[in-house]
Each structure stands twice: as structure tokens, then as C-alpha cells.
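Beneath this line is the structure, given in C-alpha cells, with notes to follow.
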Amino acid sequence: MEPDFWHQRWQENRIGFHQDKATPLMLKHWPSLGVSPGSRVFVPLAGKSRDMLWLASQGYRVLGVELSQLAVEQFFTENDLPYTLTQSPYGRHYRSGDIELVCGDAFELPAALLGECDAVYDRAALIALPPQMRRRYADELYARLPGRCQGMLITLEYPQAEKEGPPFAVHEDEVRLLFGDRWGVQLLERRDILAQDPAFVQAGVTALNTVVYQLDRQR
């Protein structure tokens, strides 16, 4: 799970995690969070997710971070978004309207920048990380988000022994262990999606659920 792993995935276009449209579960549940339009929404390990377009269309200011420069540039070119480019100590900043994507290491983002975010949207970040990195991710990156922050986390649940990640299985007990000390964790929906994912079926996976959580920063 070194940076070269992800750079190679993007160079070889092995990006089965990318979706060509906004995530249906986000469209269904995001309004229930009550995040005010104009708020800044942090999208970690953003790739070229079209979810960012939807968030911007709803009046949110999007701050994404992505390691792959190829992914970042594809996001803007594929969506016909002209952008400006600046440099900071923690990455290259691509900006277009209400969307800002930082090409850099998410773990290097400073608390001053993340402290401006009112919400976090995590569909493909936590499940992209192996177990030893998930604790660091929760303890370091999420800890830099401010006390007022709200969030939506979408995970996958499946028998990990049946398929090698990423994406990895992250079950509810681990979600509560990772975030429960600082965040209120509310399960919004668990949905069986095995029949909709041929890659998992072909790999012999016997069960596959996607799970949506609401997160509310408590301390």
C-alpha cells in the first residue's frame, strides 16, 4: 500500500472503485445530515469521484485530496472544468469554482486547512486502507477535523478471507472502534449488493454489503 501501488493502479487504469455517476446511497442519505449549503466538505482519497460534482452542485465547497496526479487531472479534463494551479508545502492545488483538489498525501494535510471543513464524505478512503493504516487514518487525519464536523462514511462488509483487498472489508465493530471515542456513529443503512458486483461474485465471495454511517464530531 505504498504510493507506488496507487500510482500504478491509475496508470494501468485498474480503477474498478471508480463510479461513472454519483453514489446512490449518498444521494439518498446526505440530506439527512443537515449540512448547510456553503459548507466546506472534505473528500479524502478522492480519486476522480463524480460525487464531488454532485456536492458542488448542491452548493457545497469541496476540498478533496488525492495522491495520483493522473486522477486529479482526469477529474477536471473529463468533466470539462477549467482549473487554476498553485503549489503549497503539502501539494499541488487544482481549483475550479467550488471544487479544490489537492494532489498530495492526505496524512500531510495540516489542521489549519482541515479545520475549515464543516463535513467529511468518505466513500472509498477508509476501505482503501489495510488494517494497520486505518487506525492511523482515524487518529491522525480525522482528528484534525473541527468539533462541529459532520460526516458520511460508506464501507463494505464481506468475508475478508474470501478476497484480497483493496477495497477491504471494514465491519461495524471496527468502525465503532476507530471513531467511537471522538464521533457519534449512527448506522443509516446496510444493503446487500453482491448480485450487483460481478467481480466479487467471480472471486467466490459469498456475501457483500455496503453500509452507510452518519458521523458527528463530539470532541
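Side notes on the structure shown:
- Just so you know, the averaged projected area of the alpha carbon convex hull for the chain sits at 11.3 nm².
- In order along the stretch 65-70, the phi-based Karplus estimate (6.51 cos²θ - 1.76 cosθ + 1.60, θ = phi - 60°) of 3J(HN,Hα) comes to 9, 8, 6, 8, 5, 4 Hz; Gly and Pro are listed as x.
- Per residue, the stretch 92-219 exposes 42 Å² of solvent-accessible protein surface, assessed with a 1.4 angstrom probe and all protein chains in place.
- Scalar couplings 3J(HN,Hα) for the stretch 126-133, obtained by applying the Karplus form with A = 6.51, B = -1.76, C = 1.60 to θ = phi - 60°, are 4, 6, 7, 9, x, x, 5, 8 Hz; x denotes Gly and Pro.
- Taking the three principal axes of the alpha carbon atoms in the stretch 52-156, the coordinate ranges are 36, 30, 26 Å, sorted in descending order.
- Computed over protein heavy atoms with a 1.4 angstrom probe, the accessible surface ordering of T77, T86, largest first, is T77, T86.
- Charge dipole (debye, nearest 20) of the stretch 99-156; +1 at Cβ of Lys and Arg, -1 at Cβ of Asp and Glu: 260 debye
- Average Cα contact separation per residue, the chain, under 8 Å, 6 or more apart, as relative contact order %: 17 percent
- Portion, in percent, of the accessible area of the chain that falls on carbon or sulfur, probe 1.4 Å: 50 percent
- Label point distance in nm, T206-R92, each placed 7 Å from Cα along Cα→Cβ: 4.7 nm
- Fraction of the pair-distance distribution of the stretch 89-140 above 15 Å, Cα-Cα pairs, percent: 58 percent
- Taking amide hydrogens as placed 1.01 Å from N in the peptide plane, the amide H of F168 sits under 5 Å from those of A128, L129, each at least 5 positions away in sequence or on another chain.
- Loop-located GluC sites (Glu not before Pro) in the stretch 115-219, at most 15 other Cβ atoms within 10 Å (DSSP): E116, E164
- Only helical runs count toward this figure. For the chain, summing -39,500 (n - 2.57) over DSSP H runs of n ≥ 4 and dividing by all residues gives -7000 deg cm²/dmol at 222 nm.
- Nearest-0.05 FRET efficiency for T84 and E172, computed from C-beta distance (R0 35 Å): 0.25
- With Cα atoms defining each centre, the stretch 144-195 and the stretch 46-78 are spaced 22 Å apart in the structure.
The values are calculated or read from the model by the stated rules, or taken from the named source; none is laboratory data. Note that the structure is predicted; figures quoted are calculated from it, not measured. Methodologically, a virtual Cβ is constructed for each residue, glycine included, from the backbone with ideal geometry; neighbour enumeration extends over all protein chains shown. Side chains are part of the model used for accessible areas, which takes the heavy atoms of the whole protein and leaves out ligands, DNA and RNA. Shrake-Rupley method; radii C 1.70, N 1.55, O 1.52, S 1.80 Å.
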